[in-house]
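Participant: Dumping the structure here so I can ask a few things about it.
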Amino acid sequence: MRKSNFTLLYIGMLMLLFMTACHQRTVYDRYLHTSRTGWERNDTLTFRIPPMQEGGEYTEEVGVRISGDYPFLGLTLVVEQTKLNTHERQCDTLECSLIDKNGRPLGNGITHYQYRFHLKTLKLEEHDSLRIAIRHDMKREMLPGITEIGVKLNKTKGMAKSESDYGPHPVVGR
């Protein structure tokens, strides 16, 4: 009896995993390192996303990895995006909560912590490519403890070519 319950649970988890995988597919996921001495405000990290293989709706996330040396509760990022084929530009500000008011990290990890923040949903056509530039917008010029910044793009669903645009701004502001 116990073995059959375990088998049913295992099969259920596999089905859930496959159903989730069918609705979202990672097309880009990359991190860039910051300097060991700290991330300077004028050190812009630039990601070049290659042309999309197919048009559709894509969710965009920004990843942040910090060490225990990071001295603040949050982080403000400026994310500038350019669609390379049309030269459309957008600039967003992303407010990232990293540590709670009691000093506990909100991310995953033990001595280094990882976070992912939803930036926006994009509608891209086949062959669209992006250049994404990220810099911090904190009062302190040099930020210790930020080890890496990343960008992840997931395809969520297809679309007709005529529907392409940058889409809504669900979480961020200017």
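The values are calculated or read from the model by the stated rules, or taken from the named source; none is laboratory data. Note that the coordinates shown come from a computational prediction; the quantities given were computed from them, not determined experimentally. Neighbour counts are summed over all protein chains in view; Cβ atoms, including those assigned to glycine, are modelled from backbone coordinates with ideal geometry. When the accessible area is computed, the model is the full protein with side chains, heavy atoms only, and any ligands, DNA or RNA have been set aside. Shrake-Rupley method; radii C 1.70, N 1.55, O 1.52, S 1.80 Å.
Table: residues versus (1) surrounded by 13 or more Cβ atoms within 10 Å (Cβ to Cβ); (2) under 19 Å from the mean Cα position of the chain (by Cα); (3) at pLDDT 95 or above.
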| residue | (1), (2), (3) |
| --- | --- |
| 91 | no, yes, yes |
| 111 | no, no, no |
| 143 | yes, no, yes |
| 164 | yes, no, no |
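Participant: Only residues that are in a strand (DSSP E or B) and among the charged types (D, E, K, R): list them for the stretch 96-155, please.
Facilitator: 116, 120, 123, 131, 135, 148, 152, 155
Participant: What are the residues in the stretch 123-135 that are under 20 Å from residue 92 (Cα atoms) and more than 15 Å from the chain's Cα centre (by Cα), if any?
Facilitator: 123, 124, 128, 129
Participant: Looking only at the stretch 73-86, count every residue that is of a type outside the set (Val, Ile, Thr), modelled with pLDDT of 95 or more and open to solvent by 10 Å² or more (accessible area, probe 1.4 Å) and tell me the total.
Facilitator: Matching residues across the stretch 73-86 total 3.
Participant: Being open to solvent by less than 20 Å² (accessible area, probe 1.4 Å) and either under 22 Å from residue 85 (Cβ atoms) or touching a Cys at 6+ places or on another chain (Cβ under 9 Å) (or both): is that true of residue 27 here?
Facilitator: In short, no.
Participant: Under the condition of being open to solvent by 40 Å² or more (accessible area, probe 1.4 Å) and either part of a strand (DSSP E or B) or among the aromatic types (Phe, Trp, Tyr) (or both), which residue from the stretch 52-72 is farthest from residue 130 (Cα to Cα)?
Facilitator: This residue is 72.
Participant: Name the residue that is nearest to residue 44 (Cα to Cα), counting only residues in the stretch 113-132 that are open to solvent by less than 10 Å² (accessible area, probe 1.4 Å) and among the hydrophobic types (A, V, I, L, M, F, W, C).
Facilitator: 132
Participant: Please determine whether any residue of the stretch 90-111 is in contact (Cβ under 8 Å) with a residue 60 or more places away in the chain and small (Gly, Ala, Ser).
Facilitator: Looking for residues that are in contact (Cβ under 8 Å) with a residue 60 or more places away in the chain and small (Gly, Ala, Ser), one finds none in the stretch 90-111, hence no.
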